[in-house]
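Worksheet: the structure to be examined is printed underneath.
The values are calculated or read from the model by the stated rules, or taken from the named source; none is laboratory data. Please read all numbers here as calculations on a predicted model, not as lab measurements. No Cβ is skipped: glycine too gets one built from the backbone with ideal geometry, and neighbour counts run over all protein chains shown.
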Amino acid sequence: MSDDRPDWARRIATERQAREWSQLQAVRALRAHAPTELPSDESMVRQWKRWEAGTMPGEFYRPLIAATFGTVTHSIFPAPSRRDADSEIALASGMETLEILNRLNRSDVDEATLDALRITTDRLCSEYPYMPSEQLLVEGRQWMRRVVELTRKNLTLAQHREVLALSGWLALLVGCVEYDTGNRHGAEATRRAALSIATESDHAEVAGWAHEMRAWFSLTTGDYRGVIAAAQAGAEVAGNHSVAVQLAGQEAKAWARLGDRRQVEIALDKGRRLLEGMPYPENLDNHFVVDPAKFDFYAMDCYRLVGEDRLARSLAEEVLRVGTDFDGTERSPMRNAEARVTLGVAAAREGDLEQAVTYGERALQGERQSVPSLIMTSRELAAEMRKRYATESAAQDYLGHLRTLASAKPGFMPS
């Protein structure tokens, strides 16, 4: 029987069922987040049934429902449509690239040139999930050199600061891709350069992301206390920028791996509250933008680690839904890979080796990979395989495939 309810209605029901709540229990959980007294349980249960059937909740109830399930409003409910930036990006940074380069050769820089560089930088950061790593590295480094060279030209103080900020964003992007491909030392040097640029230009957002990268590097190499230190240092400089949400997410991941469930919940709730108060982003593809779907991705990782398999599975399925277009094209291949690992871990714990291997192998097959992150999460599936299915040939085949992937990146070899 087909389910033609809106995605948000299906998710409300799925989130409730993952917690093994009745609709009455869900209503009572909702009350804890309400700023005023709500109608009677009987009335609210009727309301809840209508929501799960597909009647859109009013603006008052949407954030309460999201908070009840530990997420943000636009993670569940449709967000305002954003402007179509694709044509603008193509016009300013694609067809007019030659013109941009010609302008960069002048002794001074006008506002139109800076606008084109801003859009070019946004385009490159938006291609992070899709463009092959080698190609993105080449383009990112080329543009970074061009932008850095501008600092030697006749610039106003405001222009100088803007050019520094653009070079900082490009350094962050290049550092991320270097780390994805296993160049740890190069990535750390680039990250430090970005932090230095942020300090010189007094750019809190770039500085926050430089600290976030250190948290990510520490996470994938098993230095969980280092993650927490980096996340807290980043939070001190990030202000109200969305990187503060990702820093909270990285901290939650570290606490999950240290086994401290209470600190996981504190960190996730801190990130959720920050994100709920922020405007919905215009460009969801930009790697340095934190959107509601990204927050679900952090929570998925944490719930998998603390053994909340029903919640982790529910969020993994949501990550895959949001990260895949109607035609099957993957908008977020790296997030999708980790979601499949999560589904594999849940299947392994439930005794379904065949499904666990299927998800695990599918995760390793993506063309665009963040190898350190993929190996880190795949290690957790590998641990379940060794614990439960050590003598099964299918499990051995998967473990061999994972070792082959990791052998090219010795710093990330699974234990």
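Remarks
- Looking across THR221, THR199, one residue alone is of a type in the set (Ser, Thr, Tyr) and in contact (Cβ under 8 Å) with a residue 12 or more places away in the chain. It is THR221.
- Residues located in segment 132-150, provided they are closer than 19 Å to GLY175 by Cβ and either crowded, with 18+ Cβ neighbours inside 10 Å or in contact with a helix residue (DSSP H, G or I) (Cβ under 8 Å, 6 or more places away or on another chain) (or both): SER133, LEU136, LEU137, GLU139, GLY140, ARG141, TRP143, MET144, ARG146, VAL147, VAL148
- Test: LEU170 is out of contact with any Asp or Glu (no Cβ under 9 Å at 6 or more places or on another chain) and within 20 Å of THR120 (Cα to Cα): yes
- Number of positions in segment 266-306 that are in contact (Cβ under 8 Å) with a residue 24 or more places away in the chain, part of a helix (DSSP H, G or I) and out of contact with any helix residue (DSSP H, G or I) (no Cβ under 8 Å at 6 or more places or on another chain): 1
- Close pairs (9 angstrom Cβ cut-off, 6 or more residues apart or separate chains): outside the structural domain of GLU134 (by TED's automatic domain parsing) and farther than 13 Å from PRO129 by Cα in segment 368-380, crowded, with 21+ Cβ neighbours inside 10 Å and basic (Lys, Arg) anywhere: THR377/ARG304; GLU380/ARG304
Rundown of residues vs (1) more than 21 Å from ASP296 (Cβ to Cβ); (2) assigned by TED's automatic domain parsing to the domain that holds LEU274; (3) modelled with pLDDT of 95 or more, yes/no style:
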| residue | (1), (2), (3) |
| --- | --- |
| LEU166 | yes, yes, no |
| HIS185 | yes, yes, no |
| ALA204 | yes, yes, yes |
| TYR224 | yes, yes, yes |
| GLN232 | yes, yes, yes |
| ALA244 | no, yes, yes |
| GLU251 | no, yes, yes |
| ALA254 | no, yes, yes |
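- GLU99 vs. criteria at pLDDT below 85, part of a helix (DSSP H, G or I) and charged (D, E, K, R): yes
- Being in contact (Cβ under 8 Å) with a residue 40 or more places away in the chain and outside the structural domain of ASN183 (by TED's automatic domain parsing) is true of MET334.
- Residue count for segment 383-394, restricted to those that are of a type outside the set (D, E, K, R) and touching a helix residue (DSSP H, G or I) at 6+ places or on another chain (Cβ under 6 Å): 3.
- Count of segment 180-189 residues, restricted to those that are farther than 20 Å from ARG123 by Cα and part of a helix (DSSP H, G or I), is 6.
- Residue list for segment 323-333, restricted to those being in contact with a Ser or Thr (Cβ under 9 Å, 6 or more places away or on another chain) and surrounded by fewer than 22 Cβ atoms within 10 Å (Cβ to Cβ): GLY323, THR324, GLU330, ARG331
- Segment 108-122 residues that are closer than 17 Å to HIS160 by Cβ, paired with ones that are surrounded by 12 or more Cβ atoms within 10 Å (Cβ to Cβ) and of a type in the set (Val, Ile, Thr) (beta carbon under 9 Å, 6 or more apart): VAL109/VAL163; THR113/ILE100; LEU114/VAL163; LEU117/ILE100; LEU117/VAL109; LEU117/VAL147; LEU117/VAL163; THR121/VAL147
- Verdict on ARG152 being within 30 Å of GLU111 (Cβ to Cβ) and either assigned to a helix (DSSP H, G or I) or within 20 Å of the chain's Cα centre (by Cα) (or both): no
- Any chance VAL147 is assigned by TED's automatic domain parsing to the domain that holds ALA193, closer than 15 Å to ALA165 by Cα and either in a loop (DSSP other than H, G, I, E, B) or at pLDDT 85 or above (or both): yes
- Segment 177-194, subset surrounded by fewer than 23 Cβ atoms within 10 Å (Cβ to Cβ) and free of Cβ contacts under 8 Å to residues at least 40 places away in the same chain, residue farthest from THR220 (Cα to Cα): ALA193
So that you can scan it fast, the table gives a plain yes or no per residue for (1) surrounded by fewer than 17 Cβ atoms within 10 Å (Cβ to Cβ); (2) under 25 Å from MET300 (Cβ atoms); (3) under 29 Å from the mean Cα position of the chain (by Cα):
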site: PRO6; (1), (2), (3): yes, yes, yes
site: GLN23; (1), (2), (3): no, yes, no
site: ALA34; (1), (2), (3): yes, no, yes
site: ALA53; (1), (2), (3): yes, no, no
site: GLY58; (1), (2), (3): yes, no, yes
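- Residues located in segment 307-317, provided they are over 19 Å from SER373 (Cβ atoms) and assigned to a helix (DSSP H, G or I): ASP309, ARG310, LEU311, ARG313, SER314, GLU317
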